[in-house]
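Below: the structure, in structure tokens.
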């Protein structure tokens with residue numbers, strides 16, 4: 001997107017090199033986009049940062065995946081088929097490149113064996129907590145599915161929890177991108193490893209002027225992400241049973257089957273559209289009037305930053321508001337324990353153009369401090385201070 005390139009930074013001498021391993025394709029959406037945006041922002045600020053990954057999709061200035069991992073026709077096969085072949089080769093290439101004075105920056109896709117190999121060499125491991133610890137997330141989600149009378153479909157098993165705990169036990173530090181991820185480490189042996197951080201977005205320097213809506217014009221409420229229990233889609237759809245007459249709900253993302261079955265009447269109503277996954281999210285934000293994210297459990301949701309960067313007012317749970325909500329107060333944060341809070345906030349925003357304009361301007365002003373060019377060097381500066389202690 002034009003106007004979203006990293007800001008220039010003064011040259012610095014970093015105390016260590018950031019050697020990053022991301023053991024799956026680094027896509028231009030989702031977790032892959034988050035990883036490479038952090039590294040691009042860090043490099044622009046003078047940090048030595050590289051990326052070992054299967055392949056990089058899209059533009060990532062200064063970053064390149066190791067060659068020869070998926071030769072010839074193999075590169076066109078779906079990654080799950082290639083994983084047993086590619087992951088060991090990528091891991092070996094990473095371990096061979098890792099040297100004294102490097103930081104092993106490992107993302108959740110990295111095999112436990114790599115954590116063990118790095119730890120055996122005495123090199124510091126820094127992990128990324130992209131979500132709250134599974135041991136904390138599982139009971140939250142179990143309870144939510146139970147209240148709906150549904151079997152849990154979150155996929156968090158005892159084996160996955162044990163695997164994550166084993167990885168974290170080998171770390172020297174863990175990036176906690178939100179208050180929720182910090183809280184999930186509190187009270188455990190890992191609490192002292194948390195390095196507060198955040199995610200962000202490439203903030204457009206300018207935005208098209210939003211035309212004033214005529215009185216009575218439909219107000220579009222946007223939800224962007226997986227339409228699932230974890231992200232509170234069931235709470236939103238239940239609230240929408242009493243939606244304002246002038247409001248339209250736009251759900252952009254794959255719909256969880258249990259949500260589709262339980263809320264078919266709402267999803268099929270004239271005031272709701274659910275087009276599925278869309279890549280052109282900028283168009284969705286531009287067409288919306290309000291963004292909503294009532295998540296039960298998150299890391300630090302990128303969609304909240306994107307909505308704020310596009311000047312949208314944001315209604316969110318504490319998990320959906322993330323670091324920007326906790327630090328700035330620019331996100332309209334609701335208490336999910338109050339069953340009427342979400343419905344009332346939606347109605348208030350739908351009924352007041354001035355309220356939407358005020359909260360949208362607050363969010364836009366706040367998100368300027370969460371451009372990737374700002375949050376990336378900030379987190380690695382904090383890491384250097386943390387490890388220096």
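Every number here is computed from the coordinates shown, using simple stated rules; none is lab data. Bear in mind that the values here come from a model prediction, so they are computed numbers and not experimental data. Note that each Cβ is placed from the backbone with ideal geometry, even for glycine, and that neighbours are counted across all protein chains shown.
If I model a spin label as a point 7 Å beyond the Cα along the Cα-Cβ vector, how far apart are those points for residue 385 and residue 358 in nm?
It works out to 3.4 nm between the two label points.
Measure nothing but the geometry: give the 0 to 90° angle between the long axis through the Cα atoms of 318-328 and the longest principal axis through the Cα atoms of the chain, rounded to 10°.
Rounded to the nearest ten degrees, it is 80.
Could you rank the peptides 87-96, 274-283 by their average count of other C-beta atoms within 10 Å per residue, with the highest value first?
Descending mean neighbour count gives 87-96, 274-283.
Using a Gaussian network model of the chain whose springs link C-alpha atoms within less than 10 Å, name the residue from 74, 237, 106 with the highest mean-square fluctuation.
74
Springs between alpha-carbon atoms under 10 Å, Gaussian network over the chain: tell me which of 139, 339, 214 tops the mean-square fluctuations.
In this elastic network of the chain, the residue with the biggest mean-square fluctuation among 139, 339, 214 is 214.
Taking every Cα atom in segment 219-370, find the radius of gyration and the maximum pairwise distance Dmax, and write them in Å.
13.9, 41
With angles folded into 0 to 90 degrees, how steeply does helix 30-44 sit against the dominant principal axis of the chain? Use alpha carbons for both and round to 10.
On a 0 to 90 degree scale, this one is about 60.
Do you know the relative contact order of the chain, to the nearest whole percent, from alpha carbon pairs under 8 angstrom that are 6+ apart?
Here the relative contact order equals 16 percent.
Angle between the Cα long axis of helix 341-351 and the longest principal axis of the chain, 0 to 90 degrees, nearest 10?
60 degrees
Helix-derived [θ] at 222 nm for the chain: sum -39500 (n - 2.57) over DSSP H runs of at least 4, divide by residue count, nearest 500?
-12500 deg cm²/dmol
GNM, the chain, Cα, under 10 Å: largest mean-square fluctuation among 124, 208, 14?
208
For segment 355-389 and segment 208-225, write down the distance between their C-alpha centroids in whole Å.
For segment 355-389 versus segment 208-225, the Cα centre distance is 26 Å.
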